[in-house]
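What follows is one structure encoded as structure tokens, with my remarks underneath.
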Amino acid sequence: MRRVLWALILIAASAAPASAQQAVNLAFATLDTGSAWYVYGATMAEILRKTLPPGSNIDVKPRAGGVGNPRLVAKNETPLGFGFTVTNRWAYEGKEAYDARLDNLRALVGGLDTYYMVAVAAKKLGIGSVRDIKERRLAVRATSQPVGSLGEFSARQLLRSADMSYADLKSWGGSMQHAGYTVIVDAFRDGRADVLFAVVTPKHPSITEIANAVEVAFLGLDAETIQALVPLGYVPAAMPAGTFKGQTEPVRTVGFPTVLITNRDLPEPIAYAITRAVLENKDALVRGHAGLAEFDPATAWRPEKVGIPLHPGAERAYREKGWMR
């Protein structure tokens, strides 16, 4: 039935002028409120409500993160969502966090930003790297985002690459909590959390709150840990000095961009309209969130910035712009 409905939308959209196209109501999977992705989604929704057929709505959902969103999008529970190049690739190929191929996923706009894998630690711990936790067997009160987000999945991958696990943290007298950013920020302010394992973009609102409220250090990754993460699709990167308060030196880590994704069932005219709207409204995107400042519309189609095949509607938008040949 869902495919039939999409087919009817496609026929109506193809046959009618823009002003007469059928309105659509699209759910959009982001992440919990307080996250950069939720702000991205709300900003894009405002743009899309003005450019899609009259009466259309974009329903921004505060779920389910870099790992969970591709599943929702592949099942068409949310026709739009944010993913990462790394999780898109895992999902499309059915590896790492996915036990089956989600090969109906398609990309619309890539390279929206750069995210970095980081460990944020209270300065009172007196540590300079993630491996210090193991070497000193510290009883840290660690936290990450909820299960289903790349923040949580990357926490496990980071610890594994540094020869640790959640079980190790607990065996040394520490703990591991999974929560939304509102809870995490309060936990740092109240002294109930020592370390946050996360994936963050510059000017990330919740990380900014933590850095403004508490003295923290952004822990870099050693060469061995980075090398263990590269085969998973992560790329060596350095988070620039001054990205957050108190961060006076670049942080050596790994990085990857955010991607706006959909599935192959999204009607071509709708995919085209969404892609064009995002490509043509960078200024509005940056006003919504400074983390989108490095977005380059002209290169947003490139394979290394999307991780999966483009939707035909998106491909048409890039070709019309002359950016993709």
- Message: Which of Pro297, Pro70, Pro250 ends up with the largest GNM mean-square fluctuation for the chain, with Cα atoms connected below 10 Å?
- Response: Pro250
- Query: Using 1/(1 + (r/R0)^6) with R0 = 51 angstrom and r between the beta carbons of Lys75 and Arg192, what's the FRET efficiency to the nearest 0.05?
  - Reply: 0.90
- Item | Cα→Cβ-extended label distance, 7 Å offset, between Ser165 and Leu232, nm | 1.5
- Query: Based on the Cα coordinates of the chain, what is the per residue volume of their convex hull in Å³?
  - Reply: 124
- Specify which residue in the list Pro250, Tyr181, Leu158 is farthest towards the positive end of the charge dipole of segment 115-256, using unit charges on the beta carbon of Lys, Arg (+1) and Asp, Glu (-1), about the Cα centre. Tyr181
- If packing is taken as the mean number of other Cβ atoms within 10 Å per residue, what is the order of 267-278, 218-229, 105-116, highest first? 105-116, 267-278, 218-229
- Note on the structure: DSSP beta bridges in the chain: the antiparallel percent, rounded to 5, is 60
- Indicate the gyration tensor shape class of segment 115-256 (rounded, prolate or oblate), computed on the Cα atoms with a ≥ b ≥ c the square roots of the eigenvalues: a/c under 1.5 is rounded; otherwise a/b larger than b/c is prolate and the rest oblate. rounded
- Backbone HN-Hα couplings from phi across segment 130-144 [Karplus 6.51/-1.76/1.60, Hz, Gly and Pro as x]: 5, 5, 4, 4, 6, 4, 9, 6, 6, 8, 8, 9, 8, 8, 8
- Query: Roughly what % of DSSP beta bridges within segment 115-256 run antiparallel, to the nearest 5?
  - Reply: 70
- Student exercise, the chain dipole from Lys, Arg, Asp, Glu Cβ charges, in Debye to nearest 20: 340
- Please identify the GluC sites (Glu not before Pro) of segment 228-325 that satisfy two criteria: DSSP loop assignment and at most 14 other Cβ atoms within 10 Å. Which are they? Glu280, Glu294
- Query: Helix 2-15 versus the longest principal axis of the chain: what is the Cα-based angle in degrees, 0 to 90, to the nearest 10?
  - Reply: 50
- Message: What do you get for the angle between helix 268-279 and the principal long axis of the chain? Use alpha-carbon atoms, 0 to 90 degrees, nearest ten.
- Response: 50
- Task: Figure the gain on full extension for Arg136 and Arg287 (residue separation times 0.36 nm, minus the Cα-Cα span) and round it to one decimal in nm.
- Result: 50.0 nm
- the chain: angle of helix 150-161 to the longest principal axis, Cα-based, in degrees nearest 10: 40
- Message: Quick check: pseudo-label points 7 Å beyond the Cα along Cα→Cβ at Arg302 and Glu46, how many nm apart are they?
- Response: 3.0
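Rule-based calculations on the coordinates, nothing more; no lab input. What you are looking at is a predicted structure, and each value in this text was computed from that prediction instead of being measured. Ideal geometry is used to build each Cβ from the backbone, glycine not excepted, and the neighbour counts take in all protein chains shown.
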